[in-house]
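Report on one structure; see the data block that follows.
The values are calculated or read from the model by the stated rules, or taken from the named source; none is laboratory data. It should be emphasised that the depicted structure is a prediction, and the values quoted were computed from it without experimental measurement. Glycine gets a Cβ as well: all are built from the backbone with ideal geometry, and neighbour counts include every protein chain shown.
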Amino acid sequence: MDSSRANNFPSTYDPTNIDSPGFDPETYVTKLLRESRLTSLIEKEQLLTKQIKTLDNEMQTLVYENYNKFISATDTIRQMKKDFKTMEDEMKRLMSTMSSVNTNNDQIHQKLDKSRGEIRKLTSIHLLLHKLQYLFQLPTKLKEYADDNQYELAVNTYTKASKALQKYEHIPSFNHIQQSCTETMNVIRDELKSRFDQQQTASSDTVKLLLQLGESSDYLAKQYLHQNRPRLEQLLESMKQQLITAENQSNAGSTNPLSQQMHPMDILEFIDTSYNSYIKSLHEFVESYDMLFIRHSSTISSSPSIEDETKERCKYYLEEYLLECYSAYVEFIRNLFQSKFYGQEDETELYVRAIDRFLRRSSNDIYKYLFTQNAIEKIRLMLDSFLTFAIECRLKFYHANLDRHFHEQILELRKSLTMVPPATNEQTSFDKQQQQQPQQTQINLTTFVDKMLKQLTNDIKYTFQNLSTFLNGTEMIGNTGKKNVFTRQFAVNHVWNGFFLTLLNRLIAYFEHEYTTASSCSATVRHEQSSPPILLLILSKLILNFDSSSIPYLCTVFEEKFNLIIENNQRNESQKGGGNSFSLDRSKLTAIQKQFNVIAKHLLKQYICSQGYTLSQMLRKSIETRDWLNTIEPRHVRSVMKRIVEDLTQIDKQVMMLYNDHQSSSALGSMSSSYGRYHHRSNLTGSVGGGGGGGGRSSDGGRRTIIMPRSSALDRATSGGPGSSGGSTGNLQLNFHKVFNEKLDIFIDLQFQKTSILSSIIKLLLKTYLECIRLKTFSRYGLQQVQVDINYLYNYLWSFVNNDDRFITNLLEEIVSSTAMRCLDPVLMEASVITVICEGN
């Protein structure tokens, strides 16, 4: 304590501080003289003089102001003394007056005290006589009321007198009165009960009278609820008719001028109208029921426990009735939201407001009439089920819209494809269209894919925006009290799984149907197929672009709209930023994307099969219909080979529009332009008895210029027969060559590239050529014609596969070798002659 005082002393009681309470002038002056110079002392003196003058002025001002206040206070006190003196005189006069009044009052009370008791006795006797007269006249009055059908007045009169009759029923005269009244009231009760049973609508007045007469509450409550049911059913039926009328007006709106002038209510107005009509009527009835059976106190004496049990049973009857009626109304609202007119409401905001209005009003009104937690839970489940149903109806609407738009795009695409030149044209039309419309065709095919992709992506994005409107509903989120929970459940269960993934699966089903139909039609007549080959090609590109660009973009839109993060691994709840973001497993989407890739490849395979089938059929018919044993010496290339090259050129252009190899590889510009490459390699020719491979190879890549049969096949064909040694050696060499030759797989490692697609089509074409050759027998000129055709094909086929023509060379060699083995007089044509014939065509 002493140390603290010592510490505080310098600051509080400093003798050198002029503003301190402990200021000491001598100490202050001594310190100032010791530490300051003369100039500082003069300045300090001037400063102190100035401060003293300022303080004197302030002191004078304060004294003047306080003096005026003191004078005013003195005058006020003097006036108060005068007022208090007047009040004291008035209080003395009042006290004397009150004393005289009390004295007079005591005197009057003493004089009237003797008569007051006698007056009280006479009054009580008069009242008793009046009551007795009322009781004696009661049976007669009740009969008069009953005869006049004034049952309410009779019941009220009897109710007032019933307690007195029960109290004095041991007196014979009163007992007789009670019996007469009871007989009359029994007749009235029977009449009221008969009327109540015959009523088609509930009457609260009749029920009230029967309750006063002691009728069973259980029976009356059940009957009262039963009688009100037809009235509510009639209201519900009337609303159903309004719904039917609105749908009929919408259906006839385009043809009937009168229906165009009549505008049906929108869905929000219909919800309000139906709610005010049905639910409000139900609530009014419940209020009357509550007043009659629950809040009403029984007029019949009974134990409190029995009365409580009766009220509980009445509450149970009411809850069951409410649940049943409300379930019927919710079912009607379900029909409203899935109707053709209101369920197709384009304004999503209005649709959501209608749902929110219904849920909010139901939550505010219906809960106050429920008494048990079980009934409340049933209503909550009913409302939650309706909310889920309404959302699912909206999802079905969006699915139907997207399906309609997508199929309209497909139909428009099918119509537009009729303007694209097919792959099987005549020579003249091919040259004309190749010169006039190549750029237009290319733009159209690319535009088809971009247009469909943009339309589909925008439709899904627009649907995401519309579905995000559901999160603005206050009651839909508030009825659970957890906005984040509802947002997550809505986004995951309805938007992601119910809409987006379901839509992707529907697209998968459609594309599967397309390639399944195309696959099944490949074994039938081609002009009956459902999907043209070019449509399969476009759809495969559409799927790839949708998978690579649209799905990631739509995932980003989904994350922004619904505040979710799509991740590869599922986490229960990943907080981000403000803690309102959640994660979503994308494993299902990944599986669907893989399925998209598989379907795109299937469609591409069907396109290859379709185009290969068309070319193969053309080639097969040309081989089967020709007499190869009586063929003249070849002087030109068969027209079918030219047609095949034309079709492959057209297919190459179509494929290049959508699939490219990302390298500078040019397709055939025209038939004449490709001969330049042939002339470039024409200096190297193969001889008839050339090496094991047949013809020579060009110097620009080791490519064989003239396709010749393998030496083993030629030896076998020129040998004496299968039993000769030469034939055995040829067979052995040919078998060894087939063993070590690569196995031909048309779709092995199929890529989304032009070269891969054209290679598969060519493989299919040449494999068909080989199989058709194996079924025929050839003469010398037939073999030479095949040589000419094969070499003509080779001059063009290598350009479609970007110079990767190893498999083409092997197949063509095998075709020529197989032809030589089936030739009766295997004499090959000179390479120079083949070159001249190919150049001439």
Checking Leu503 against (1) at pLDDT below 90; (2) crowded, with 18+ Cβ neighbours inside 10 Å; (3) among the aliphatic types (A, V, I, L, M), which single condition isn't satisfied? (1)
Kindly check whether there is at least one residue in the range 436-446 that is more than 30 Å from Arg353 (Cα to Cα), in contact with a helix residue (DSSP H, G or I) (Cβ under 6 Å, 6 or more places away or on another chain) and modelled with pLDDT of 75 or more. yes
Determine, yes or no, whether Phe174 is surrounded by 16 or more Cβ atoms within 10 Å (Cβ to Cβ) and within 30 Å of Phe285 (Cβ to Cβ). no
Residue check for Leu236: touching a Cys at 6+ places or on another chain (Cβ under 7 Å) and assigned to a helix (DSSP H, G or I): no
Exactly one of Leu138, Leu142, Leu122 is of a type outside the set (Phe, Trp, Tyr), part of a helix (DSSP H, G or I) and over 24 Å from Leu213 (Cβ atoms), and that residue is Leu122
Would you confirm, using the coordinates I've provided, whether Thr768 is under 26 Å from Ile623 (Cα atoms), in the same structural domain as Trp798 (by TED's automatic domain parsing), among the polar types (S, T, N, Q) and at pLDDT 50 or above? yes
Conditions (1) closer than 30 Å to Tyr168 by Cβ; (2) surrounded by 10 or more Cβ atoms within 10 Å (Cβ to Cβ) -> Glu118 fails only (2)
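Here's the yes/no breakdown for (1) crowded, with 18+ Cβ neighbours inside 10 Å; (2) over 23 Å from the mean Cα position of the chain (by Cα); (3) in contact (Cβ under 8 Å) with a residue 12 or more places away in the chain:
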position: Glu320; (1), (2), (3): no, yes, no
position: Tyr326; (1), (2), (3): yes, yes, yes
position: Tyr329; (1), (2), (3): yes, yes, yes
position: Leu336; (1), (2), (3): yes, no, yes
position: Tyr367; (1), (2), (3): no, yes, yes
position: Ala375; (1), (2), (3): yes, yes, yes
position: Arg380; (1), (2), (3): no, no, yes
position: Arg404; (1), (2), (3): no, no, no
position: Leu413; (1), (2), (3): yes, yes, yes
Qualifying position, being modelled with pLDDT of 90 or more and assigned to a helix (DSSP H, G or I), among Lys561, Lys594, Lys605: Lys594
Evaluation of Gly214 against (1) under 56 Å from the mean Cα position of the chain (by Cα); (2) within 27 Å of Lys311 (Cβ to Cβ) (one fails), failing number: (1)
Looking only at the range 820-841, count how many residues are assigned to a helix (DSSP H, G or I) and surrounded by fewer than 19 Cβ atoms within 10 Å (Cβ to Cβ). 5
Of the residues that make up the range 67-81, is at least one among the acidic types (Asp, Glu), modelled with pLDDT of 85 or more and either farther than 24 Å from Thr16 by Cα or under 60 Å from the mean Cα position of the chain (by Cα) (or both)? no
